[in-house]
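Below is one structure; the comments refer to it alone.
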Amino acid sequence: MSREIDSIKARVEGVLPGIRQDLEDLVRIESVSADPARAGEVQRSAEAVAELFRAERFDSVEIVSADGGAPAVIAHKAGRAGAPTVLLYAHHDVQPENDHAEWDSPPFEPTERGDRLYARGAADDKAGIAAHLGALRVYGDDLPVNVTMFIEGEEEVGSETLPALLKEHQDKLAADVIVIADSGNWDIGVPALTTSLRGLVRADVTVRTLTHAVHSGMWGGLVPDSLMTLSRLIATLHDDAGNVAVKGLHSGLAADVEYPEERLRAESGANPGIEWIGEGPIVERLWTKPSLSITGLDAPKVEGASNTLVASARAKISMRIAPGDTTANAVQCLRSHLEAHVPWGAELTFTVVDTGEATQIEATGPAYDAARAAFTTAWDGTEPVDMGVGGSIPFIAEFLEAFPQASVLVTGVEDPDTRAHGANEGLHLAEFERVVLAEALLLHNLGALTER
């Protein structure tokens, strides 16, 4: 067995230079799905991905879309007779690069500095595509499992047409094991399987206290202005310790993992003197308890503001809900809280912007055992952590619903300093090599399950 593992490791080393080149070529394509002006680049990205699969002599390769959505790629390659089918997911669209001045090198020109490759999409998630390809190239035309590739093109804008794609192509995408390469590892040198993700409710809340703005000197002290009213309403959303004060939301337990204070401050970007909000273990506050943030305000700018009472004000609320809760319950709880606490009889308007369900994966069984063994070997004996993610990947719930019998493994190439959606996104190259090795070993282990 050790000889076979050594052979796989050697083959991984052999395919890495070509995979690195393929990744850099993909990164140069500005496949920003949120930018209508770059829809052509998203299409070009899908075509480039499809061509990579054709070069690997896949049995079938097609570019598909549904309901006017962005192009996705579905490809299939047969493995050994009687072997399980493994679906490998990643996405080829990327986040906007925003202000180029914040980047230390051009965002769409892959640049190696130190131990990282920097560029938009270098990690999230074109490295996921590259990792899948690397694992497959290790085996050439002698795959230990049947493989279906599903590379989505609109993950960064909410995967709106994914349910339609899954329904329309369900027979092509059906698999025994689904590997979703869009998460990360616990730390450099410590692999992880993501087993829980919080859900999301975003809502706009508007309060109105006046039919029109009025002079603050004439009416201040009697008529409440909307900014003060909205501020008081927002303040009711947390208790004095910073716990979410909305009743009826679910909270759960997290894995027994320590998050060191020094690392927490460095990775969060918190000011040195800032105090943490909420109570309980750090990882529970981040992974398995609800959180509530104000991510936007509509109000007059301070510069040039006149002496008037503002008639209405609006805030965007971003609420993360714990695994085990539902968006329907969270929306109702939040609406009820706001209606009960809006002060001074102000008119309240509550509008749901979007939602995404939380995910909890029971990561037990042969497929998960195969993954843990592969990860432990790839990371030289370090066993993977079962970790949660405070953010939301709603499409994972879509996969679980569409393929309830499949084992869904959520992993990825990112590490705590990847900066996936920010400037200077970077892929840790040594960890990427381990990810490719881990996936190659996983395919080997899954193929071996049918031989027992």
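Quick notes
- Placing a pseudo-label 7 Å from each Cα along the Cα-to-Cβ vector at ARG232 and ARG335 gives an inter-label distance of 2.5 nm.
- Ligands, DNA and RNA left out, the 1.4 Å accessible surface of the stretch 131-268 is 51% carbon and sulfur atoms.
- Percentage relative contact order, the stretch 67-206, counting C-alpha pairs under 8 Å, at least six apart: 40
- Residue-normalised accessible area of the chain, given per residue in Å² at a 1.4 Å probe: 44
- A simple packing score, the average count of other Cβ atoms within 10 Å per residue, orders the peptides 36-44, 124-132 as 124-132, 36-44, with the highest score first.
- Reported label for calculated semi-axes √(5λ) of the Cα gyration tensor in Å given [x] 41, 32, 22; [y] 40, 22, 21; [z] 44, 23, 21: [z]
- Remark: the Cα gyration tensor places the stretch 312-389 in the prolate category, a/c being 1.5 or greater and a/b exceeding b/c.
- Remark: for residue pairs LYS247/LYS316; LYS9/LYS126; LYS9/LYS167; LYS126/LYS167; LYS167/LYS247; LYS247/LYS301, the C-alpha separation exceeds 31 Å in LYS9/LYS167; LYS167/LYS247; LYS247/LYS301.
- In degrees, nearest ten, helix 366-378 long axis to first principal axis of the chain (Cα): 80
- Axis of helix 226-235 versus longest Cα principal axis of the chain: the two differ by about 50°, to the nearest ten degrees.
- Degrees, to the nearest 10: 429-449 long Cα axis against longest axis of the chain: 60
The values are calculated or read from the model by the stated rules, or taken from the named source; none is laboratory data. Quick caveat: nothing in here was measured; it's all calculated off a predicted structure. Cβ: placed from backbone, ideal geometry, glycine included. Neighbour counts: every protein chain shown. Areas reflect the complete protein model, heavy atoms only, side chains present, ligands, DNA and RNA absent. Shrake-Rupley method; radii C 1.70, N 1.55, O 1.52, S 1.80 Å.
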